[in-house]
Structure formats: structure tokens, C-alpha cells
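Structure first, commentary second.
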Amino acid sequence: MRILITAGPTREYIDDVRFLSNASSGRMGYALAAAAIDSGHEVVLVTGPVELQPPEGCEVFAIETTDQLRRTCLDLFPACDGVIATAAVCDYRPERRVTGKITKNGQPIVLQLVETSDVLAELGACKEHRWIVGFALESQDPRNNAMRKLRMKKCDYIVLNDTSAISSLSNSIEILSPQAKTVGTFAGTKVDVARDLLKFIESAVTPSGRNTV
């Protein structure tokens, strides 16, 4: 299969120096890319800014902002069989980006934030025969929030994990189906979890997008 994988954080700039982001390390996405290559798949990796070297053998597209992630994924997705979306997208951006650098003047400033694009939902809207595996990092009412994301984004499966996964070498995940059933649980290093998750995906979907689990 030809698999699109998103990894790492996105950045939303306040001015030309400062930005909003998150602490995603990109390790889960990069580990999945390596596992997919080891299994003989073609991998297209769309990555935010991380301190990792992409695995050999994959196509790499570096992005920073959520809009860049959106445009890149929408361009690449039609030529892929499916997507594993691990990227930690910055959900908000400043309504207005200041040119240059904001200078301190002793007074508070107010940032007006607006929501960024829902990249995975847009991919879901044009998925056709392709499959989608999304990630949901939740801290409150995790299963209900994960299932809401699965349905809104038309995912075939959603991978639920919690905030302990951020910047960690390990992870613990639960895979949920559209019927809200737990169809897999894996824990360990992100490398091990990636291999287990990739094996599940190989058994659960086909290049035609048909679920088998």
C-alpha cells in the first residue's frame, strides 16, 4: 500500500518570531513510517518541525502551519491508499499575524484566536475508496470525544491515547471501531506500539478501503 502519514506539531505564528504550538515530538508518526517501510509499504511522510531524522525510503514533505499541512495532504491523499494521521495540529491561530516582531511596551496584549482548518475532516470528506486511521489525544471523557472525532472525520478507526504520550518514548493506545468497540489495545515503546498498530491496520483494511475487522 501507499500510506500517507502525518507527524509532529504545527505552528501558528503570532508575529514573525513567536508562534503557538504544542509539545508533540513526532515520535509516534516517525515510528509508524519506519514500521510501514519495514513491512514493504510506500510511505509519504508529512511532518511538522521535529528533531528527528525521517526513516530512509520514504517521501518527506516538511510543513509548519496547519494550512500548509492541509494543502499538502489534500494534494497527496488522492494518490495514496490511506492515511494514518498522528500529527498534533494546533487547533487555534491568531486572527491576525503581525509583520515583524511585537515590541514589549509594558502593557498587556490581547490575542484574538480563531480555529484552524480541520485537516482530517477534509480528508474524510473526499476519502472515497481510501481508508483513514485518526488519532485522538484526550484528557476528559476520552471515549466519547474519540468517537465523536471518528464520526465527524469519517475515520475507519480512531486511536485513543492520553496526554502522557506527549514527548514520551512510550505510549498506550486503544483502537476504536465505528461501532464504538475496542478492537485493539497496545502499550510499550512507541516503536513497539507502531509495529503492533501497523499490523492491525494491515489486517483491518485493504487498499480498496474496505474494513475487514
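FYI, it's all coordinate maths here, none of it is from the lab. Only a predicted model underlies this, so the values are computations on that prediction, with no experimental measurement involved. Reconstructed Cβ throughout: ideal geometry from the backbone, glycine too, with neighbour counts over all protein chains shown.
Descriptive notes on the structure:
- Using C-alpha pairs below 8 Å separated by at least 6 residues, the relative contact order for the stretch 57-139 is 43 percent.
- The value of relative contact order for the stretch 92-213, using C-alpha pairs under 8 Å at least six residues apart, is 18 percent.
- Per-residue ellipticity at 222 nm from helix content only, as computed over the chain with -39500 (n - 2.57) for each DSSP H run of at least four residues, stands at -8000 deg cm²/dmol.
- Once the Cα atoms are used to define both axes, helix 190-204 deviates from the longest principal axis of the chain by about 50 degrees.
- q = 0.08, 0.14, 0.16 Å⁻¹, the chain: log10 I(q)/I(0) [Debye, one scatterer per Cα]: -0.27, -0.81, -1.04
- Reachable lysines from residue 149, criterion Cα separation under 19 angstrom, eight or more residues apart if same chain: 127, 181
- Compactness index (Cα Rg / 2.2 N^0.38 Å), the stretch 1-48: 1.42
- Between the amide H of residue 19 and those of 14, distances stay under 5 Å, these residues lying 5 or more places away or on another chain, with hydrogens modeled in the peptide plane.
- Normalised contact order of the chain, rounded percent, pairs of Cα under 8 Å and 6 or more residues apart: 21 percent
- Cα-derived Rg over Rh, computed across the stretch 23-136 with Rh taken as Kirkwood radius: 1.05
- With Cα atoms defining each centre, the stretch 102-164 and the stretch 1-26 are spaced 13 Å apart in the structure.
- Ratio Rg/Rh, restricted to the stretch 119-198 and using Cα atoms, in which Rh is the Kirkwood radius: 0.97
- Distances between placed amide hydrogens fall under 5 Å for residue 188 paired with 171, all partners being 5 or more residues away or on another chain.
- Taking Lys and Arg as +1 and Asp and Glu as -1, the other residues whose beta-carbon sits under 9 Å from that of residue 92 total -2.
- Cβ-based net charge around residue 146, under 12 Å, with every Lys or Arg adding one and every Asp or Glu removing one: +1
- Fraction of the pair-distance distribution of the stretch 85-137 above 14 Å, Cα-Cα pairs, percent: 68 percent
- In sequence order, calculated HN-Hα J values of the stretch 167-183 (Karplus, 6.51, -1.76, 1.60; Hz; x Gly/Pro): 6, 8, 7, 10, 7, 9, 10, 10, 9, 10, 8, x, 8, 6, 9, 7, 10
- Over the stretch 22-89, the pair-distance histogram of Cα-Cα distances with 10 Å bins from zero comes to 20, 59, 21, 0 percent, rounded to whole numbers.
- Protection-proxy order for peptides 23-32, 157-166, each taking the mean of Cβ atoms within 10 Å per residue, highest first: 23-32, 157-166
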